[in-house]
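Student: Here it is, the structure in full.
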Amino acid sequence: MRVLVEIVEGPLTPVKLQVGEGTGAFVVFEGVVRGEEDGRKLEALEYQVYEPMASKQLESLANEMVEEFGVLDVAVWHSSGIVKAGEVSFRLVIEGVHRHESLEAVGEFIERMKRDVPIWKQPIFAPTKPGGRRSRSNFEKHDGPKKPVRTTAKKSKRKPKQ
């Protein structure tokens, strides 16, 4: 049994993976940043990882998958920082003797990770107008207060009631 956990700055790069001895199922899940979220065009996601707690919880979670599902090996990589749309931000590899427990372990690992591991993502949206500024991430430094928006009241064309 082997467990590997890595937090990587930026997007994950392709890796060459080898199947271990006795493996009958080799399941690879890669999470890719979508180009749209809530109907808005997404440029990237910015991940904030609370270390070393995140790595410890990912390792503990991997060990739970080995114990509960009887899988042979679990390897997990997760990004920190900015990952652009179309790039890989998460990779989970689970090796098992059979496909059934390996596939179940993948789903359960992801559900628990999203619920329990201190990794947060903040969307960075594309500008909504040509030449406009992109929506700011909460993790970026703020360059000062915005200028107040000036509003003017519209005059009604209707006659007042008497």
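The values are calculated or read from the model by the stated rules, or taken from the named source; none is laboratory data. Keep in mind it's a predicted model, so treat the numbers as computed, not measured. All Cβ positions, even for glycine, are placed from backbone atoms using ideal geometry, and neighbour counts span all protein chains on display. Note: areas computed on protein heavy atoms with side chains; ligands, DNA, RNA excluded. Shrake-Rupley method; radii C 1.70, N 1.55, O 1.52, S 1.80 Å.
Student: Taking a probe of 1.4 angstrom, what is the accessible area of E104 in Å², to the nearest 10?
Tutor: Number for this one is 90 Å².
Student: Could you sort K41, K121 by accessible area so the largest value comes first, with the probe set to 1.4 Å?
Tutor: The most accessible residue leads, giving K41, K121.
Student: Within the set of other residues whose C-beta is less than 13 Å from the C-beta of L72, count the net charge using Lys and Arg as +1 and Asp and Glu as -1. All intermediate terms of the calculation are to be shown ahead of the outcome.
Tutor: Details: positive: R2, R99; negative: E21, E67, D73, E95, E101.
So the environment of L72 carries a net charge of -3.
Student: Kindly provide the chymotrypsin sites (Phe, Trp or Tyr not before Pro) of the stretch 1-51 that DSSP labels as loop, not H, G, I, E or B, and whose Cβ sees at most 15 other Cβ atoms within 10 Å.
Tutor: Numbers: sites: F26, F29, Y47, Y50; in loops: Y50.
Passing sites in the stretch 1-51 are Y50.
Student: Right, here's the next one. Which value results for Rg/Rh of the stretch 52-110 when Rg is the Cα radius of gyration and Rh the Kirkwood radius based on the inverse mean 1/r? Write out the running numbers ahead of the final one.
Tutor: Values: Rg = 12.5 Å, Rh = 12.2 Å.
With Rg and the Kirkwood Rh in hand, the quotient comes to 1.02.
Student: Below 19 Å, Cα to Cα, which aspartates and glutamates can K56 reach? Residues fewer than 8 away in the same chain don't count.
Tutor: E6, E9, E64, E67, E68, D73, E108, E111, D116
Student: In addition: Note down the net charge around V117, summing +1 for each Lys or Arg and -1 for each Asp or Glu among other residues with Cβ under 14 Å from its Cβ. Could you put the intermediate results ahead of the total?
Tutor: Values: positive: K56, R112, K114, R115, K121; negative: E6, E51, E59, E64, E108, E111, D116.
Residues close to V117 contribute a combined charge of -2.
Student: Follow-up question, since we're still on this one. If the only charges are +1 at each Lys and Arg Cβ and -1 at each Asp and Glu Cβ, what is the size of the charge dipole of the stretch 1-124 around the Cα centre, to the nearest 20 debye?
Tutor: Values: 13 positive and 22 negative charges, 71 e Å.
Rounded to the nearest 20 debye, it is 340 debye.
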